[in-house]
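Student: I am attaching a structure below and will ask some questions about it afterwards.
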Amino acid sequence: MSQNKHLPYIMTAAATLGIIFLVIVGFALNSARLNTIIFATQSHVEPNTTTSQYPFDDPLITYVPDASRNANQKTKVFVSSQDPIIGAGDANVYVILYGSLLDVDMQTYLAADYGDDITVVWKDYAVSEADREAAMVGHCANTVGRFWDYAKALNGVEGNQTDYTAVAEQVGVNRTELDSCLATGGMGAIVDQSTGLAVPLGVTTTHSVFVNDELYNDDMSVEELKFHADALLATF
């Protein structure tokens, strides 16, 4: 009788603990994204927002299953509004450059012109501190529309001896805003998130490239990359 009397209290306590556990897990899983949004706003650098063009804006998605894709999603790699992007959201072919801004081969791909029918997306795979620093400055440059100029300006620089903020300044990024953006730590969360998802997607080198679902880890010429992209484009 006494045991039954205390049962409702035990069940209530268990339910409360369960709810607290779920809240903690949810907060932990979304912390990187919240950090980016909150701190970017505090630093007066406007965070990117989700648009209908790039609907898969959930950093918890490692890849996008076929059944979950819409007409705009041509690759299993999630495309976030935080990613530097060139091209239309409804393009039939996505070239996703997944690697380091300091990789020599990747610099060749960054400098290429893929035409108006192909969307180009940047994703970070930072395996060294220099990679990470260059990437963070790149994302701050992206908030003011200067990522691609900055990325190309890094061509030929020596990783550990470079002041990446100076390179960003050279392409028109305000130094005060840049320092404020970097101080928040939000861009580091974006870089770490992208790097963490690289291996589950099969990325193994800092010059890896996706052409829609096809992954190329080995270095290749720009002509080869364009050949693969154009061949896929011709199937639509």
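Student: Pick from the stretch 199-236 the residues that are of a type in the set (Ser, Thr, Tyr) and open to solvent by 60 Å² or more (accessible area, probe 1.4 Å): which of them is nearest to ALA111 (Cα to Cα)?
Tutor: Among those that are of a type in the set (Ser, Thr, Tyr) and open to solvent by 60 Å² or more (accessible area, probe 1.4 Å), it is THR204.
Student: Please verify whether ALA168 is within 22 Å of THR204 (Cβ to Cβ) and modelled with pLDDT of 95 or more, treating the condition exactly as stated.
Tutor: It is false that ALA168 is within 22 Å of THR204 (Cβ to Cβ) and modelled with pLDDT of 95 or more.
This table checks each residue for (1) within 21 Å of ASP179 (Cα to Cα); (2) open to solvent by less than 10 Å² (accessible area, probe 1.4 Å); (3) in contact (Cβ under 8 Å) with a residue 12 or more places away in the chain; (4) among the basic types (Lys, Arg).
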position	(1), (2), (3), (4)
TYR94	no, yes, yes, no
ASP105	no, no, yes, no
GLY115	no, no, no, no
TRP122	no, yes, yes, no
ALA134	yes, yes, yes, no
GLY138	yes, yes, yes, no
PHE147	yes, yes, yes, no
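Student: List the residue pairs whose Cβ atoms are under 8 Å apart, where the first residue sits in the stretch 216-228 and is without any contact (Cβ under 8 Å) to a residue 40 or more places away in the chain, the second is among the small types (Gly, Ala, Ser) and surrounded by 16 or more Cβ atoms within 10 Å (Cβ to Cβ), and the two are 6 or more positions apart or on different chains.
Tutor: TYR216/SER208; ASN217/SER208
Student: Taking the criterion of being open to solvent by 50 Å² or more (accessible area, probe 1.4 Å) and modelled with pLDDT of 90 or more, would at least one residue in the stretch 66-77 satisfy it?
Tutor: For the stretch 66-77, residues open to solvent by 50 Å² or more (accessible area, probe 1.4 Å) and modelled with pLDDT of 90 or more: absent.
Student: Here is a further query. Tell me which of these THR204 doesn't satisfy, since it passes every other one: (1) within 20 Å of LYS76 (Cα to Cα); (2) part of a helix (DSSP H, G or I); (3) without any contact (Cβ under 8 Å) to a residue 24 or more places away in the chain; (4) among the hydroxyl-bearing types (Ser, Thr, Tyr).
Tutor: The one condition THR204 does not meet is (2).
Student: Determine if the stretch 112-131 includes at least one residue that is within 18 Å of GLY188 (Cα to Cα), aliphatic (A, V, I, L, M), at pLDDT 95 or above and in a helix (DSSP H, G or I).
Tutor: Checking the stretch 112-131: not a single residue is within 18 Å of GLY188 (Cα to Cα), aliphatic (A, V, I, L, M), at pLDDT 95 or above and in a helix (DSSP H, G or I).
The values are calculated or read from the model by the stated rules, or taken from the named source; none is laboratory data. None of these values were measured; they are calculated from a predicted model. Neighbour counts run over all protein chains shown; Cβ positions are idealised from the backbone, glycine included. We work out accessible area using only protein heavy atoms, side chains counted, and drop any ligands, DNA or RNA first. Shrake-Rupley method; radii C 1.70, N 1.55, O 1.52, S 1.80 Å.
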